[in-house]
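A.B. asks: To start, I am sharing the structure in question, which I have written as structure tokens.
Nothing in this text is a laboratory measurement; each read-out follows from the coordinates by a stated rule. Values in this document were obtained by computation on a predicted structure and should not be read as measured data. Heads up, the Cβs are rebuilt from the backbone with ideal geometry, glycines too, and the neighbour counts pull from every protein chain shown.
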Amino acid sequence: MTAAAMCAHRITIITGHYGTGKTEFAVNLALALARERPRVMLADLDIVNPYFRSRERRDLLESAGIRLISSSQACSDADVPALPAELLAILEDRSITGILDIGGDPVGARVLARFLPKIQAEDYQLLYILNANRPEVRTPEAAVRYLRGIEQTTGLTCTGLVNNTHLCGETTLREIRKGAALAAAVRDVTGIPVICHMAEQRFTDSLSDLPETVFPITIQMKKPWE
Amino acid sequence: MEKELWKGNEAIAEAAIRAGCNCFFGYPITPQSEVPEYMSVHLPEAGGVFVQSESEVAAINMVYGAAGAGMRAMTSSSSPGISLKQEGISYLAGAELPCVIVNCMRGGPGLGTIQPSQGDYFQATRGGGNGDYRTVVLAPSNVQETVDFVQQAFDIADQYRNPVIVVCDGLIGQMMEPIEWHPVPKRNLPPKDWAACGRRDRDHHNVINSLYMDPEECDRHNLHLEEKYAQIQANETRWEAVHCDDAEIVITAYGTPARIALTALETLRAEGIKVGLFRPITLWPFPEKALHELAGAAHVRAFLDVEMSSSGQMLDDVRLAVEGQKPVHYLGHAGGVMPTVEEMVESVKRLEKEVK
């Protein structure tokens, strides 16, 4: 699997209902891309969640050569929805491969609206993370409702679905396949293709029958006892 | 039962709705804002009332009104917001009104930080309001327990006509965990025949009040409360002991540090070090007797209290219970920094060498 299979575009914008695993995907995608391309940048634009942010993995990302953009260090734990000015580097410098990690729900996606004209001028994809174990987005109808809400708020069109169905440490193949079924149902309703299924490396060999790419990940957003 | 992935704060709100909470009053503050946010959408759908009050002070007084009318009322906040509610909690305890208060603790003092902390132990167990009163304090250490305890809290509150506080640190509120909605046993509760919800065909008015003009009467009221608190101590004290049967070093911790301690225990036990965990589940009533007995056991050499607090708050209760039988040491951080597994392992190893 190459990261290029999931990232044919210069900018990848990651959205979804909160708690679906956007940041886990963003961090893993950045690490995978950095192995294949120079100048990868990840922007933490989550204005909703105060904890479990990609900036908590700054050292890991920087040691992999990824530049992390987040609110200034001085107010990194202030719960104010301030956006870093450096974000413009991703939008304006076309030699950069950029990942934008957006906060949950249409509320979190609102940060994008301000940059709409700039994003539309670039080669981008907007990915929507699905997690069939999140009660508010477990049905295709509910998942599509949130997806449309995010599109409406941002003014952007969703171009790909990512299945990240898990139960933290209790994840089984069954969970991932349950999510694959949800992703297929959302694809059938919306016509938006399934880009990949996220799976910890221990599961990837058993998922080769899935028609779409299986993205092998290592859990990075750990809890303090893990 | 099928497991689902829930964020702690959403799960708190959903658990309350499932427990029959029909009135919620709150004001946003990080890291608990998902509780009122979830309630604002889902409580009205369930037939209940959600009000975003103008302040935390207003919210707790709305709880007083709703509870006084016999409703299952709740509020939630985080540390500085809970500070603002203290006067109301004292009045609720004085007027013997059942309600549930969730504190998703963050660093302090003052505005502190939005990161997780346990600096409100004194506030919760001693009471930040005036007068001789007690509140039941439940301390879950994962999202499943939080869901279960919030539901139980409503029953405990109704059974004793007393405020019940559920304290979780910000991490529990913010993290995602798999949970299942198993049935939580319901208690056989007394009717709310004291509620001020209209005289109807009663021969008297019900009055909700915490003011006593006659000192003798106020004294009798306080004695009555004391008797009730003694009953709660006898019936509701809860704790968990893990690997304490042969432990030489016992970690005392609640909430997230207890969770971290479980991983430290695995590491230490694998190296042959006899370590256990004593976890108070009710912070008030504190499991004083159980800890006192454990401290008296010949195999126990020392205690290590671990909290997300700079110099320790539960530490006082641990020392009161241990009563000098064994040394009590402390490991802690404040301001949103969590103790790590490695720190706990190192501290226990150092302590083990000291006592050998």
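A.B. asks: Across peptide B:171-179, how many C-beta atoms of other chains are within 10 Å of each residue C-beta, on average?
C.D. replies: Across B:171-179, the average partner-chain Cβ count within 10 Å equals 5.
A.B. asks: While we're here: Using the structure shown, list the pairs from A:K22/A:K178; A:K22/A:K223; A:K223/B:K85; A:K222/B:K349; B:K289/B:K349 with a Cα-Cα distance above 20 Å, or answer none.
C.D. replies: From the list (A:K22/A:K178; A:K22/A:K223; A:K223/B:K85; A:K222/B:K349; B:K289/B:K349), the Cα-Cα distance tops 20 Å for A:K223/B:K85; A:K222/B:K349; B:K289/B:K349.
A.B. asks: From the square roots a ≥ b ≥ c of the eigenvalues of the alpha-carbon gyration tensor of the range B:294-356, which class results: rounded (a/c under 1.5), prolate (a/b over b/c), or oblate?
C.D. replies: oblate
A.B. asks: Would you tell me the mean number of C-beta atoms belonging to other protein chains that fall within 10 Å of each C-beta in B:2-8, as a whole number?
C.D. replies: 6
A.B. asks: Something else: Expressed as a whole number of Å, what is the distance separating the alpha-carbon centroids of the range B:296-325 and the range B:173-187?
C.D. replies: 30 Å
A.B. asks: Counting pairwise Cα distances across the protein assembly as shown, what percent come out greater than 37 angstrom?
C.D. replies: 38 percent
A.B. asks: Ok, one more. How shielded is A:167-174 by partner chains, expressed as the average number of their Cβ atoms within 10 Å of its Cβ atoms?
C.D. replies: Per residue, the number of nearby Cβ atoms from other chains is 3 on average.
A.B. asks: For the range B:144-219, what D do you get in µm² per second when you plug the Kirkwood radius from alpha-carbon pairs into Stokes-Einstein at 20 °C and 1.002 mPa s?
C.D. replies: Rounded to a whole number, D works out at 133 µm²/s.
A.B. asks: Using 7 Å Cα-to-Cβ label points, what is the B:S311/B:H224 separation (nm, one decimal)?
C.D. replies: The two pseudo-label positions are separated by 4.0 nm.
A.B. asks: Another one. So for the protein assembly as shown: antiparallel DSSP bridges make up what percent, rounded to the nearest 5?
C.D. replies: Of all bridge pairs located within the protein assembly as shown, approximately 15 percent are antiparallel.
A.B. asks: When the label point is put 7 Å from the Cα of B:K356 along its Cα-to-beta-carbon vector, which residues of the range B:292-336 have a backbone N closer than 17 Å?
C.D. replies: Taking a point 7 Å out along Cα→Cβ of B:K356, the residues of the range B:292-336 whose backbone N falls under 17 Å are B:299-303.
A.B. asks: Which percent, nearest 5, of DSSP beta bridges in the range B:241-355 are antiparallel?
C.D. replies: Roughly 15 percent of the DSSP beta bridges within the range B:241-355 come out antiparallel.
A.B. asks: If I model a spin label at A:A8 and B:L211 as a point 7 Å from the Cα along the Cα→Cβ vector, what separation in nanometres do I get?
C.D. replies: Calculated label separation equals 7.5 nm.
A.B. asks: Let me ask something additional. Plugging the Kirkwood radius over Cα pairs into Stokes-Einstein for chain B, at a temperature of 37 °C and a viscosity of 0.692 mPa s, what D comes out in µm²/s?
C.D. replies: 157 µm²/s
A.B. asks: For the range A:9-217, what is the relative contact order in percent, using Cα pairs closer than 8 Å and at least 6 residues apart in sequence?
C.D. replies: 23 percent
A.B. asks: Sticking with this one: Please give the peptides B:125-132, B:191-198 ranked by average Cβ packing (other Cβ atoms within 10 Å per residue), highest first, as a rough proxy for protection.
C.D. replies: The peptides rank, most packed first, as B:125-132, B:191-198.
A.B. asks: How high is the relative contact order of the range B:272-356, given as a whole-number percent (alpha carbon pairs under 8 Å, six or more residues apart)?
C.D. replies: The normalised contact order for the range B:272-356 reaches 29 percent.
A.B. asks: From the square roots a ≥ b ≥ c of the eigenvalues of the alpha-carbon gyration tensor of the range B:113-166, which class results: rounded (a/c under 1.5), prolate (a/b over b/c), or oblate?
C.D. replies: Taking the square roots of the gyration eigenvalues as a ≥ b ≥ c, the range B:113-166 is oblate.
A.B. asks: Give the Kirkwood hydrodynamic radius (Å, one decimal) of the range B:159-200, defined as one over the mean of 1/r across all pairs of different Cα atoms.
C.D. replies: Taking every pair of different Cα atoms in the range B:159-200, averaging 1/r and inverting gives 14.8 Å.
A.B. asks: Follow-up question, since we're still on this one. Pop out the ³J(HN,Hα) list for the range B:2-7 in order, Karplus 6.51 cos²θ - 1.76 cosθ + 1.60 with θ = phi - 60°, rounded to Hz; leave Gly and Pro as x.
C.D. replies: 5, 7, 10, 9, 10, 7
A.B. asks: What's the ranking of A:164-175, B:10-21, B:283-294 by average number of surrounding C-beta atoms within 10 Å, highest first?
C.D. replies: Averaged packing, sorted descending, gives the order B:10-21, B:283-294, A:164-175.
A.B. asks: I want to check the label-to-label distance for B:R126 and B:D245. Put each point 7 Å from Cα in the C-beta direction and report it in nm to one decimal.
C.D. replies: For B:R126 paired with B:D245, the spin-label model returns 3.9 nm.
A.B. asks: Can you classify chain A as rounded, prolate or oblate using the Cα gyration tensor, where a ≥ b ≥ c are the square roots of its eigenvalues, rounded means a/c under 1.5, and otherwise it's prolate if a/b beats b/c and oblate if not?
C.D. replies: Rounded shape, in that the Cα axes give a/c under 1.5.
A.B. asks: Quick one: compute the contact order of chain B, relative version, from alpha carbon pairs under 8 angstrom and 6+ residues apart, as a percent.
C.D. replies: It rounds to 17 percent for chain B.
A.B. asks: Where the centroid of each part is defined by its Cα atoms, how far is the range A:89-105 from the range B:73-113 in Å?
C.D. replies: Using only Cα atoms, the two centres lie 41 Å from each other.
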